[in-house]
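A quick write-up on the structure given underneath.
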Amino acid sequence: MAVQRLAGGELQAELLPAHKGCKSLWPVVMAILLADLVASGLLVVGRLAMNGKAGLQPVVFSWYRYLGSGLIMQLWLWASSGKTPLQSLPQRKDAWKFLVYGTCHAMGQVLLFRALKLLPAIVPSVWKNSVPVFVCALSSCVGLEQLSPHSRAAKLKLLGIGLSVVGGAIYVWLSFVWSTGHPKVVPGSDVPLGQTLMLCSTLAVSSCWVMQKVCLNCSPSSLYTVAWGVTFALVPLSLAALPQLSLEALQLSGAQLVYVAYAMLLPSTLGFLMQAWAMRHSSPAFVLAFDPLGSVITALVAWAALGEVPSAATLASAPVIMLGLAVLLLGSRSQLADPPQAPSLSGMLQHRDAEGDDAPEEPEDPESESPTRAYVRSGAVPQ
């Protein structure tokens, strides 16, 4: 009942203004690809920053980049709006949305880092590849995604998302088969606990993107949404990183400073803002359908930066992923060309008249009559 009330009322009412002014999908696609590109660079830089005995712990690395990105965006928001962070706090009725958004943002990573220590590498890859499916389901539940079974555009969008996920699955499977052929045994592994943590991480990440759309619909700008989302995410992320923070972790080498600065500026600031702008003008399911393409982009970035030649799995999965995204774009363009029509004024009046014919007439209250009508009814003047 709460979900239905949320979908039919506040969230769905806020959804409509978010699509205004989006006449072309290509700026949205370019923003998503730019965000995926810098995110792929983050994976490469993260490997370098966490490599070796003096490498940073994953949660500490995330804490550094969120801290720097949050400060950058809060200062940017202050300079652009003229309001201090205390003056630009989310309103009371919207604060819970940003709190859920930020908490899911952080917990998705914290749970993932914990699960990586308990599972073979292929298992988290499979879960990560399923995020678009979870996002599509959650978006439909809260009314952010209109997927009517009678709509051709909706069928094309679902087919495109499905093909994209299948392409990602092909990449994961072929990488597994052509590399080792069997899962690598992780010391101290606990598969049931790891699978549970991965499920919770996937749900947290999926909820994060859905809540980002909800926050975008009640925010003045994408910068405002991401700035406060990252700020709220710092609270649980700091609690998770605190046990691993030490004097050595705070004394970064020159190379680590470069890696952390890159992570702060590009993936965690520019990448987040580009993705939020794209989601503001589309939907969570549309944006996350490009997620499997990140594996291909990461392989290309690793080839350019580290000299690692793309694997045969990348070459085999890329056409399927690209086909899925092409079908998704076709369905989204059809939806833009033929948007759902709002009920006309004449239809609303006819509906009201039909209800009025069936409704019983209420007795008139003499005290509510106008003085003129009461004078006429009294017989003082001919009617």
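The values are calculated or read from the model by the stated rules, or taken from the named source; none is laboratory data. All values derive from a computational prediction rather than experimental measurement. Cβ coordinates were reconstructed from backbone atoms using ideal geometry, including for glycine residues, and neighbour counts include every protein chain displayed.
For a quick check of your reading: which helices (runs of 4 or more DSSP H) sit entirely within the range 251-297 and have at least 1 residues that are closer than 19 Å to Leu75 by Cα, in contact with a helix residue (DSSP H, G or I) (Cβ under 7 Å, 6 or more places away or on another chain) and at pLDDT 90 or above?
254-265, 272-280
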(message) So for the range 319-338 (the condition being modelled with pLDDT under 85, assigned to a helix (DSSP H, G or I) and among the β-branched types (Val, Ile, Thr)), does at least one residue qualify?
(response) no
(message) Just to check your reading of the model, which residue among Gly82, Gly70, Gly108, Gly143 is in contact (Cβ under 8 Å) with a residue 40 or more places away in the chain and on the phi > 0 side of the Ramachandran plot?
(response) Gly143
(request) Out of Pro120, Pro124, report the one residue that is modelled with pLDDT under 85, crowded, with 20+ Cβ neighbours inside 10 Å and either touching a helix residue (DSSP H, G or I) at 6+ places or on another chain (Cβ under 7 Å) or farther than 16 Å from Ser317 by Cα (or both). (result) Pro124
(message) Cβ-Cβ under 6 Å, sequence separation 6+ or interchain: first residue in the range 92-104 and in contact (Cβ under 8 Å) with a residue 40 or more places away in the chain and closer than 21 Å to Cys200 by Cβ, partner part of a helix (DSSP H, G or I) and of a type in the set (Gly, Ala, Ser). Which pairs?
(response) Tyr101/Gly229; Gly102/Gly229; Gly102/Ala233; Cys104/Ala204; Cys104/Ser207
(request) Taking Val327 as meeting all but one of (1) within 23 Å of Phe98 (Cβ to Cβ); (2) buried (at least 19 other Cβ atoms within 10 Å of the Cβ), write down the number of the exception. (result) (1)
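Kindly indicate which of Gln256, Gln251 is farther than 26 Å from Met279 by Cα and touching a residue at least 24 places away in the same chain (Cβ under 8 Å).
Gln256
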(request) Give me a count of the residues in the range 98-132 that are in a loop (DSSP other than H, G, I, E, B) and not polar (S, T, N, Q). (result) 5
(request) Please enumerate the residues belonging to the range 222-248 that are hydroxyl-bearing (Ser, Thr, Tyr) and free of Cβ contacts under 8 Å to residues at least 24 places away in the same chain. (result) Ser246
(request) Kindly list the number of the only condition in (1) under 25 Å from Val131 (Cα atoms); (2) surrounded by 13 or more Cβ atoms within 10 Å (Cβ to Cβ); (3) not charged (D, E, K, R) that fails for Trp96. (result) (2)
(request) Can you confirm whether the range 222-231 contains a residue that is polar (S, T, N, Q) and either closer than 30 Å to Leu118 by Cβ or not in a helix (DSSP H, G or I) (or both)? (result) no
(message) Just the residues that are more than 30 Å from Gly254 (Cβ to Cβ) and buried (at least 16 other Cβ atoms within 10 Å of the Cβ), please, taken from the range 54-93.
(response) Leu77, Ser88, Pro90
(message) I'd like to check something: does the range 242-255 contain any residue that is among the polar types (S, T, N, Q) and crowded, with 20+ Cβ neighbours inside 10 Å?
(response) no
(request) Identify the single condition in (1) modelled with pLDDT of 50 or more; (2) within 21 Å of the chain's Cα centre (by Cα) that Lys53 does not satisfy, given that it satisfies every other one. (result) (2)
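Residues in the range 298-312: is at least one at pLDDT below 90, assigned to a helix (DSSP H, G or I) and within 15 Å of Leu163 (Cα to Cα)?
no
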